[in-house]
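Take a look at the structure set out below.
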């Protein structure tokens, strides 16, 4: 998995209400951390062990103070007080775990989309105070688009792109609330990645979304 582009992230974070920004940053940092495990681990068993550690650490946030780990501390301080549980966040690990399977089938793609992207965007909506019903659908499309760009199997990548496109079209067919526009912008970026959009048009479209929610 490739890292989320830092210039895009800096821009999108400005779409989020200032009080909610640290929570969204913490959630994206968790997603980065879980993705990095898959990128840097060659042995599936080692990857599984590292993901299991995160699953258990996230669940413990519901009943214990966080350990001296920056991402966990940020989640405990900025996300859990807004009603998102550690158990809910631990479910994201289950999405990443399916990538340890070979080959990736239809069920694995849908599980990855739901548990990684859907959970992440629902949590981000809660943190931001957004009531956008399409958040989970947008998250699934975002996750699948990212996955498709990193798969070497062309057939599986094509199917991931097909599933991603359908979800992103649905998600962007609605008007996003002001509190949810950072998530809408992430969905837009995912569509640009699928369609090869870049440059001034990309930035202009993001700014239009910021103003209108479309």
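Bear in mind that the values in this text are calculations on the coordinates, not laboratory data. Given the structure is predicted, the values throughout are model-derived calculations rather than measurements. Every residue, glycine as well, gets a Cβ built from its backbone with ideal geometry; the counts of neighbours run over all protein chains shown.
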(Q) Which residue fluctuates most in the GNM of the chain (Cα springs below 10 Å): 78, 94, 69? (A) 69
Q: May I ask you to derive the relative contact order of region 6-212, considering only C-alpha pairs under 8 Å and at least 6 residues apart, and to give it as an integer percent?
A: 19 percent
Q. In a GNM of the chain with a 10 Å cut-off on Cα contacts, which of 202, 63, 50 has the highest mean-square fluctuation?
A. 63
(Q) When a/c reaches 1.5 or more, the comparison of a/b and b/c decides; with that in mind, is region 78-192 rounded, prolate or oblate per its Cα gyration tensor? (A) oblate
(Q) If you average the alpha carbon positions of region 65-105 and of region 132-148, how far apart do those two centres end up, in angstrom? (A) 17 Å
Q.
Springs between alpha-carbon pairs under 10 angstrom, Gaussian network model over the chain: which of 183, 120, 28 fluctuates most?
A. 28
Q | Correct choice for Rg and Dmax of the Cα atoms in Å that was computed from the model, options (1) 15.6, 45; (2) 27.2, 96; (3) 16.4, 47 | A | (3)
Q: Going by C-beta contacts inside 10 Å, put 176, 53 in order with the fewest on the left.
A: 53, 176
